[in-house]
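Beneath this line is the structure, given in structure tokens, with notes to follow.
The values are calculated or read from the model by the stated rules, or taken from the named source; none is laboratory data. Because the structure is a prediction, the values reported are computed rather than measured. We place every Cβ from the backbone using ideal geometry, glycine too, and count neighbours over all the protein chains shown. These area figures cover heavy atoms from the full protein model, side chains too; ligands, DNA and RNA do not enter into them. Shrake-Rupley method; radii C 1.70, N 1.55, O 1.52, S 1.80 Å.
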Amino acid sequence: MLLKEYRICMPLTVEEYRIGQLYMISKHSHEQSDRGEGVEVVQNEPFEDPAHGQGQFTEKRVYLNSKLPSWARAVVPNIFYVTEKAWNYYPYTITEYTCSFLPKFSIHIETKYEDNKGSNDNIFSDSENKDQEREVCFVDIAYDEIPERYYKESEDLRYFKSEKTSRGMLQEGWRDTQEPIMCSYKLVTVKFEVWGLQTRVEQFVHKVVRDVLLLGHRQAFAWVDEWIDMNLDDVREYEKSMQEQTNIKVCHEQRERSTNSPSLDDIEIHDKVST
């Protein structure tokens, strides 16, 4: 098990990001589906929890075979997806990722949002993992290096300025002077309990998680002028429309791939991993 805490600040308020997060996830998922791999929404409905109150439950299939490193692609079938289950009790969320093909693999993410610059060292004091040793990683949405394939000039927050909010361009040290400012605190637990591969896989998954968090939070602010005037009903309607379009794209592509996919019996996992 490898545990890390990520802290990602943004020039937004927690209340604003409630809309921005939903907009960003929907638009980002739709964009990713253009590559033939993306997110299929299986379930999205209101959910009530005795402890956390009213929230939203979603279940998704995240298709990402092409995003795996070559050594991993060698041992998984063509149709490979991770199941995402999320319970959104904003400003607190729980997200879990599992894969039936890799039963010893899981990712668990606890998220809390606060209007500060990432200064709360005790935000997860009530977490089950509160006593576990972990690395705290600050992610700078403007100045941390992003994988080249994800870079877009229009999303470069060093040069982006919002017309509707007049926020940006983000200068070096912006987190010390920016108002408003909020922080996404994410406690991420990665497990891959397979001898000989555990460290390698857990480190790789954390790198992927960090890249995804960096990209998503960059886009949430870069797209602020598209969603800042929305209310919760507006963004839920947008979310529904995007999910319908994305599901059509992703399901069509996966049906195409299924005709060429080997069965599990054809995949000799042990031999390929050991060579």
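For the reader, a short list of remarks on this structure follows.
- Qualifying residue in the range 32-44 (condition: touching an Asp or Glu at 6+ places or on another chain (Cβ under 8 Å), open to solvent by 50 Å² or more (accessible area, probe 1.4 Å) and without any contact (Cβ under 8 Å) to a residue 24 or more places away in the chain): yes
- Selection status of ASP266, at pLDDT 95 or above and either open to solvent by 50 Å² or more (accessible area, probe 1.4 Å) or among the small types (Gly, Ala, Ser) (or both): no
- Among the residues examined, GLN21 qualifies as under 18 Å from the mean Cα position of the chain (by Cα), polar (S, T, N, Q), under 29 Å from ALA142 (Cβ atoms) and modelled with pLDDT of 95 or more.
- Selection from the range 149-203 of residues that are among the acidic types (Asp, Glu) and either more than 18 Å from the chain's Cα centre (by Cα) or under 18 Å from GLY20 (Cα atoms) (or both): GLU153, GLU155, ASP156, GLU163, GLU172, ASP176, GLU179, GLU193
- Filtered by the rule that a residue be open to solvent by 40 Å² or more (accessible area, probe 1.4 Å) and assigned to a strand (DSSP E or B), the range 93-118 gives GLU96, TYR97, THR98, HIS108, GLU114.
- Every residue from the range 125-143 that is assigned to a loop (DSSP other than H, G, I, E, B) and either among the hydroxyl-bearing types (Ser, Thr, Tyr) or at pLDDT 95 or above (or both): SER125, SER127, ASP140, ILE141, ALA142, TYR143
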